[in-house]
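Visitor: I'd like to ask you about the structure that follows.
The values are calculated or read from the model by the stated rules, or taken from the named source; none is laboratory data. What you are looking at is a predicted structure, and each value in this text was computed from that prediction instead of being measured. Using ideal geometry, Cβ is built from the backbone for each residue, glycine included, and neighbour counts are taken over all protein chains shown.
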């Protein structure tokens, strides 16, 4: 699925109908629908704010704007899901990782690791944003940065 | 020292437990009522002496569960002056708080746990259990199709933490393995425990990977069960029994992580450290005085965190500490030559009660009521720490 141009609130809520879309996170989901990874950021002190909340935890400013991130980061921790809760779910291992974004220390986003065997993942491994299609929607995922592509992170 | 005006002013005077089973085919409320009635009878009081109820769950109404409204109605308790729902260990602290504050004089705590569909694949196949999650209790997978919300109130980050812990401190899985074997050894001696077979360290390592590196035997056993307690003032308790079990000190804790657990703080800054620091700032009894230790074992990494946060050893040294304090003959932990750990089998051996069975085991041991399982030298002080790295952990010192 591809979307181009601005997407209105009704469409965002309809696209992500099983997610609690609200005023604090709607720009994030609108961003996903436009294939952009947006994270809230304080317009006054510059702090990145995740999960999506309406004030800055550092300066209590309400001047919060969703801003696109570089998509560069590293693996803080991860687990490989060897089974899903539903017995009918596919039996393939799913690596799930807390990715530390390059933008700010401790700014973390949970995502799948793709294009990498689970046994090749390591702590602090540099990764970059990519997109995968699930359920007719595109979702963020992260893949290792090849050696030639390194240097973009901190 | 932090303030501790409630020191030894409150007591646990009633304890009630249901049988534990993998599939009891009973509702939350049915289990909760059985435990509540047992606890009220154990206290030797009339039901209408109960004037506070802490029911089960994290939702105010807990419809379809054993919330305080349903419990009060079903038990036919005419009036209460305080009601709330809670879970894990914090339920105990909230009930004690309310008795200390004077909002209630005799508070009933009821905690029911069932093998919910988020905890096992066979439970997921049971339509009654699947129906339970429709009523809003935390059941995992609440992010819907957004994978980025998967670790909102999830167990999976604990698996990530196992690996991060081993990486950061350069250790293996020994600490987790000893805890698992300890609980199963004790569970095998407890007829009420769901897991009657002891395990070896090799069994632990050979168990199935669930959320690699977390294995089946790192995870508590989902069961159907209930526990209940009656908490009142120490003064009242002395009229009821010669040797009341008193609440000496307790603490709660929280951090700024919030509900998205990938935002974890460093290992020694999680909520268990906040809570245990708060406990020792209030308790006059210290670690050396403790005869019975209940480190939360929802996952073995919890128990390792509690053990280190309590101060038994330095961060990262729990594996060595357990190895040095291992009773080879009995295949259990015995800390510093005196302190027994999780003597009923805990969540890993007896079954998952969100830690509620630690309180009942501690009280029965301290009353000298455990029969064949009674510790020869009746314990006089117990340390219980229950909860999560991320939300509402509690720590309690009980004494006689």
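Visitor: Only one of (1) at positive phi; (2) within 16 Å of the chain's Cα centre (by Cα) fails for residue A:129. Which number is that?
Guide: Evaluating residue A:129 over (1) at positive phi; (2) within 16 Å of the chain's Cα centre (by Cα) leaves (1) as the failure.
Visitor: What are the residues in region B:270-291 that are modelled with pLDDT of 95 or more and within 20 Å of residue B:160 (Cβ to Cβ), if any?
Guide: Passing the criteria: B:272, B:273.
Visitor: Could you run through region B:375-400 and say how many residues are more than 18 Å from the chain's Cα centre (by Cα) and touching a residue at least 24 places away in the same chain (Cβ under 8 Å)?
Guide: Qualifying residue count for the region: 5.
Visitor: Something else about it: Does residue A:110 count as over 21 Å from residue B:265 (Cα atoms), at pLDDT 95 or above and part of a strand (DSSP E or B)?
Guide: no
Visitor: Which of the residues spanning region A:89-98 are in a loop (DSSP other than H, G, I, E, B) and crowded, with 23+ Cβ neighbours inside 10 Å?
Guide: Within region A:89-98, none qualify.
Visitor: Any idea which of (1) modelled with pLDDT under 95; (2) over 30 Å from residue B:378 (Cβ atoms); (3) surrounded by fewer than 24 Cβ atoms within 10 Å (Cβ to Cβ) is the one residue B:260 doesn't satisfy?
Guide: Single failed check for residue B:260: (3).
Visitor: Now for a different question. Could you look through region A:101-124, keep only residues that are surrounded by 22 or more Cβ atoms within 10 Å (Cβ to Cβ) and more than 9 Å from chain B (Cβ to nearest Cβ), and pick out the one that is nearest to the chain's Cα centre (by Cα)?
Guide: A:101
Visitor: Looking only at region A:38-50, count every residue that is buried (at least 16 other Cβ atoms within 10 Å of the Cβ) and over 15 Å from residue A:24 (Cα atoms) and tell me the total.
Guide: Selection size over region A:38-50: 1.
Visitor: Does residue B:354 count as closer than 21 Å to residue B:380 by Cα and in a loop (DSSP other than H, G, I, E, B)?
Guide: For residue B:354, the condition - closer than 21 Å to residue B:380 by Cα and in a loop (DSSP other than H, G, I, E, B) - is not met.
Visitor: Follow-up. Given the criterion under 28 Å from residue B:378 (Cβ atoms) and over 18 Å from the mean Cα position of the chain (by Cα), identify the matching residue among B:251, B:283.
Guide: Result of the check over B:251, B:283: B:283.
Visitor: So is residue A:86 within 9 Å of chain B (Cβ to nearest Cβ), without any contact (Cβ under 8 Å) to a residue 12 or more places away in the chain and surrounded by 12 or more Cβ atoms within 10 Å (Cβ to Cβ) or not?
Guide: Taking the combined requirement at face value, the residue satisfies it.
Visitor: Something else: Considering only region A:131-145, state which residues are farther than 14 Å from residue A:31 by Cα and either within 14 Å of chain B (Cβ to nearest Cβ) or in a strand (DSSP E or B) (or both).
Guide: If the condition is that a residue be farther than 14 Å from residue A:31 by Cα and either within 14 Å of chain B (Cβ to nearest Cβ) or in a strand (DSSP E or B) (or both), then A:132, A:133, A:134, A:135, A:136, A:141, A:142, A:143, A:144 are the ones that fit.
Visitor: Within region A:59-77, identify whether any single residue is modelled with pLDDT of 95 or more and within 7 Å of another protein chain (Cβ to nearest Cβ), and answer yes or no.
Guide: Yes: region A:59-77 contains one or more residues that are modelled with pLDDT of 95 or more and within 7 Å of another protein chain (Cβ to nearest Cβ).
Visitor: Restricting the search to region B:311-325, which residues are more than 23 Å from the chain's Cα centre (by Cα) and not in a loop (DSSP other than H, G, I, E, B)?
Guide: B:320, B:323, B:324
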